[in-house]
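This report refers to the structure that appears directly beneath it.
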Amino acid sequence: MKRRQFITLIGGAAAWPLVARAQQRPAMPMVGFLNAGSANGYEAMVAGFHQGLKETGYVAGHNVAVEYHWMEGQLDRAPAMVAELIRRQVAVIFANTPGNLAAKAATTTIPIVFSTGGDPVQMGLVASLSRPGGNVTGVTQMNAEVSPKRLGLAHELVPTATTIAILVNPNSPIAEPQVRELQAAARTLGLQLHVVHASTERDFDTVLARLGQLRAGPLVISADSFFNNRSKLLAELTLRHAVPAIYEDRAFAEAGGLMTYGGRTPDMYRIAGAYVGRILKGERPADLPVQQGTRVELIINLKTAKALGLSIPLPLLGRADEVIE
């Protein structure tokens, strides 16, 4: 036997135990992360999700893999993306709306953890908040339910306005419930509600320019993942067209929007990440009650108010959790 062949055989024999150990190592579980928005603008939410995983002992790339699928605002892509995650045999699917609805419709075996701003019972995601049942659980901020409070804040901000506009994404499953609740709240306050629609970025400029010309009063931006991903753009355009607006996402006020009122979305994603970790450890979604975000904060951008020529009423200013100057 030639010396080169002998060395090759010895080296191969030495590697056999390593190969065997690698083959025996359990496969890393894969989590499917499905989101209606895009990666750009969701960094804080993704960080919150990973923090939740870490709290339950999972670190991406170390003992769990996370596969991201972003709809980029094209909500009709949800079913195809869910089908791909199922084909990939993910251990858990985490999705916001409408991906969570598509996932529930597609599988009864793969655990699903959702995040939503709507009522998950009304949406058909779970049987009840305390006993979700089936393969689905998650976390909600009930931002749709907070929408009437945003309407009240908008009225308090501009009490002389008789009409308040609401911007909704007609493609969103939670748009219609929000409109119904806002219409009821508007009637209670003796206000008229002017509903405007936007489902693409191009719509924003057209809609806001028209509202600025009509001077339709303040604008309430409905809770929606498509809008969340574009908070900074909405802030810029509402200021440019002199439309006093209130939204749920604090990034809106930080980017120059007038006011925000809502929960902290990164906290919601952290809770969801922890639920994913607990399911990976063997807990059943049916045994994990739906978590509700309880922390709601009011942020007012005083610099924007001055630019719009608005004086913030002192009682409203006093209730603000944060004032940006």
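Pop a pseudo-label 7 angstrom from the Cα along the beta-carbon direction at both VAL196 and GLU72 and give the gap in nm to one decimal.
2.7
Could you grab the Rg to Rh ratio for the stretch 75-127? Cα atoms only, Kirkwood for Rh.
On the Cα set of the stretch 75-127, Rg over Rh gives 0.94.
Net charge around ILE166, counting only other residues with Cβ within less than 13 Å of its Cβ (Lys, Arg = +1; Asp, Glu = -1)?
-2
Tell me the per residue accessible area of the stretch 21-124 using a 1.4 Å probe; a whole number in Å² is fine.
Here the residues of the stretch 21-124 average 46 Å² of exposed surface.
Before anything else, pin down the relative contact order of the stretch 251-316: Cα pairs under 8 Å, at least 6 apart, normalised by residue count, whole percent.
48
The chain: D in µm²/s via Stokes-Einstein (Kirkwood Rh, Cα pairs, 4 °C, 1.567 mPa s)?
Translational D for this selection: 61 µm²/s.
Based on the mean of other Cβ atoms within 10 Å per residue, sort peptides 154-160, 271-277 so the most packed one is first.
Ranked by mean Cβ neighbours within 10 Å, highest first: 271-277, 154-160.
Between VAL66 and residues 5 or more places away or on another chain, which pairs have amide H atoms under 5 Å apart, with H built 1.01 Å from N, and which residues are they?
Placed amide hydrogens put VAL31, GLY61 under 5 Å from VAL66.
Whose amide H sits under 5 Å from the amide H of GLN192, counting only residues 5 or more places off or on another chain, with H placed in the peptide plane?
Here the answer is THR163, ILE164, since their amide H atoms fall under 5 Å of that of GLN192.
Given Cβ point charges of +1 (Lys, Arg) and -1 (Asp, Glu) and nothing else, what value in debye, to the nearest 20, does the dipole of the chain about its Cα centre take?
Computed about the Cα centre, the dipole is about 1220 debye.
Once neighbouring chains are kept in place and the probe is 1.4 Å, which whole percent of the accessible area of the stretch 265-307 is contributed by carbon and sulfur?
45
What percent of all Cα-Cα pairs in the stretch 163-236 falls in each 10 Å bin, counting up from 0?
19, 54, 27, 1
If you average the sequence gap of Cα pairs under 8 Å that are 6 or more apart and divide by the length of the chain, what percent do you get for the contact order?
20
Answer rounded, prolate or oblate for the stretch 24-73, using the Cα gyration tensor with square roots of eigenvalues a ≥ b ≥ c: rounded when a/c is under 1.5, else prolate when a/b is larger than b/c, else oblate.
The shape class here is oblate.
What number comes out for accessible area per residue over the stretch 179-315 if the probe is 1.4 Å? Units Å², please.
Spelled out: the 1.4 Å probe surface of the stretch 179-315, per residue, equals 45 Å².
Can you work out the Karplus-derived ³J(HN,Hα) for every residue in the stretch 94-107? Use 6.51 cos²θ - 1.76 cosθ + 1.60 with θ = phi - 60°, whole Hz, and x for glycine or proline.
10, 8, 9, 7, x, x, 5, 5, 5, 5, 4, 6, 9, 8
For GLU325 and GLU176, FRET efficiency with R0 = 45 Å and r from the beta-carbon atoms, rounded to 0.05?
With a Förster radius of 45 Å, E is 0.75.
Which peptide among 200-206, 221-227 comes first, and what is the full order, when sorted by highest mean count of other Cβ atoms within 10 Å?
Taking the mean over residues of other Cβ atoms within 10 Å, the ranking is 221-227, 200-206.
If you put +1 on each Lys and Arg Cβ and -1 on each Asp and Glu Cβ, how big is the dipole of the stretch 196-325 around its Cα centre, in Debye rounded to 20?
For the stretch 196-325, the charge dipole is close to 40 debye.
Specify the angular offset, from 0 to 90 degrees and rounded to the nearest 10, of the alpha carbon long axis of helix 3-24 from the longest principal axis of the alpha carbons in the chain.
Taking the Cα atoms of the chain, the angle to 3-24 is about 50 degrees.
Provide the solvent-accessible area of ARG264, counting protein heavy atoms only and rolling a 1.4 Å probe, rounded to the nearest 10 Å².
So the heavy atoms of ARG264 present about 70 Å² to solvent.
Given LEU239, SER222, ALA255, which one lies farthest toward the positive end of the charge dipole of the stretch 212-255, if we put +1 on the Cβ of every Lys and Arg and -1 on the Cβ of every Asp and Glu?
LEU239
Using 0.36 nm per residue of separation minus the Cα-Cα distance, give me the extension gain between ARG88 and LYS306 in nm, one decimal.
That pair, ARG88 and LYS306, stretches by 73.2 nm at full extension.
Please give the contour-minus-distance gain from ARG131 to GLN292: 0.36 nm per residue of separation, less the Cα-Cα distance, rounded to one decimal in nm.
56.6 nm
Taking all protein chains in place and a 1.4 Å probe, what share, in percent, of the accessible surface of the stretch 30-75 do carbon and sulfur account for?
53
How large is Rg/Rh for the stretch 27-162, to two decimals, with Cα atoms and a Kirkwood Rh?
So for the stretch 27-162, dividing Rg by the Kirkwood Rh gives 1.05.
Can you grab the distance from the C-alpha centre of the stretch 52-67 to the C-alpha centre of the stretch 159-186, Å, no decimals?
39
For helix 201-214, report the angle its Cα long axis makes with the longest principal axis of the Cα atoms of the chain; keep it between 0 and 90° and round to the nearest 10°.
Taking the Cα atoms of the chain, the angle to 201-214 is about 10 degrees.
How high is the relative contact order of the stretch 180-325, in percent, with contacts defined as C-alpha pairs under 8 Å that are six or more residues apart?
Contact order relative to length: 17 percent.
Angle, helix 265-280 long axis vs. longest principal axis of the chain, Cα atoms, 0 to 90°, nearest 10?
30
Positive end of the dipole of the stretch 254-325, charges at C-beta (+1 Lys, Arg; -1 Asp, Glu), about the Cα centre: which of PRO266, ILE324, ILE299 has its Cα farthest in that direction?
Checked the options; the winner is PRO266.
Averaged over all directions, how much area does the convex hull of the C-alpha atoms of the stretch 211-325 cover when projected, in nm²?
The directionally averaged projection comes out at 8.5 nm².
Please report, in debye to the nearest 20, how large the charge dipole of the stretch 178-256 is about its Cα centre when each Lys and Arg carries +1 at its beta carbon and each Asp and Glu carries -1 there.
Roughly 240 debye, rounded to the nearest 20.
By its C-alpha gyration tensor, with a ≥ b ≥ c as the square roots of the eigenvalues, how is the stretch 147-300 shaped: rounded for a/c under 1.5, else prolate for a/b larger than b/c, else oblate?
In terms of gyration-tensor shape, prolate.
The values are calculated or read from the model by the stated rules, or taken from the named source; none is laboratory data. Every value quoted in this text rests on a predicted model; they were computed, and no experiment measured them. All Cβ positions, glycine included, derive from the backbone under ideal geometry; neighbour counts span all protein chains shown. Ligands, DNA and RNA are stripped out before the accessible areas are found, and what is left, the full protein with its side chains, is counted by its heavy atoms. Shrake-Rupley method; radii C 1.70, N 1.55, O 1.52, S 1.80 Å.
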